[in-house]
Amino acid sequence: MIRILLVDDQPLIRRGLRALLKPEPDLEIVGEAENGETAIDLLKTITADVILMDIRMPIMDGVAATGAIVPLHPSTKILILTTFDDTEYVSRALQAGAAGYLLKDTPAEELVQAIQLIHKGYTQLSPGLAQKLIQTTRPTPENPPTPSLPIPPDSDLTPREQEILQLIAQGSSNREIAQKLYISEKTVKNHITNLLARLGLRDRTQAAIYFHERHPQLHPPQ
């Protein structure tokens, strides 16, 4: 059983998360807090395996709370769950010791899986956040080479669907995609169905052709 502490200043969000996670047989909500300071006090009387932590809260925000909780409760994993995808927030939260950073529009099934994976020791980031972090932290060379043509986004697709489309084009099976993205095969199938419908394509072969025609600078793997 994974014991979860909900930390969010909005009661409606906490109620929604409780209702969302309650049906999961391996998850148990052991407490709620409206800010980081309350969460720290609550952890004196309860034990949590995973904390779902908002970022912007009064009195003590999620970054400060994470920095205070991690040294005191090293076995407790903190998963930031917020509406803000600013790279500064992401970087500060991870530096403070958060094990993951997800946006509140994450599908319910993926949130549950992220909690389970965080508990096992994996790091979880919303699609696109890792790349944004790399781009903002990569040093600029003194004599930068001529940049390669950027991959244009498929504007009709969500970030997750774009990831799956590229993996399809690389020849990955549903199982391989699920393993690489730490989601279930059922979720992969749902995303593929959606992206095919959005792009007006019939099957995976057409999806792969579509990707390589749209991104001719990328060559299929040998």
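Here, each number is a calculation from the coordinates, and none is a lab measurement. Remember, predicted model here, so these are calculated numbers, not experimental data.
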| How long, wide and thick is segment 71-130, going by the Cα atoms along their three principal axes, in whole angstroms, largest first? | 30, 27, 16
| query | Of LYS77/LYS104; LYS22/LYS77; LYS22/LYS104; LYS22/LYS180; LYS77/LYS120; LYS120/LYS180, which ones are farther than 21 Å apart at the Cα? | reply | LYS22/LYS180
| query | P(r) of segment 159-214 in 10 Å steps, Cα pairs, percent per bin? | reply | 26, 62, 12
| Range of Cα positions in segment 1-126 per principal axis (Å), largest first | 32, 32, 29
| query | Which whole-angstrom value gives the distance between the alpha carbon centres of segment 1-54 and segment 151-212? | reply | 33 Å
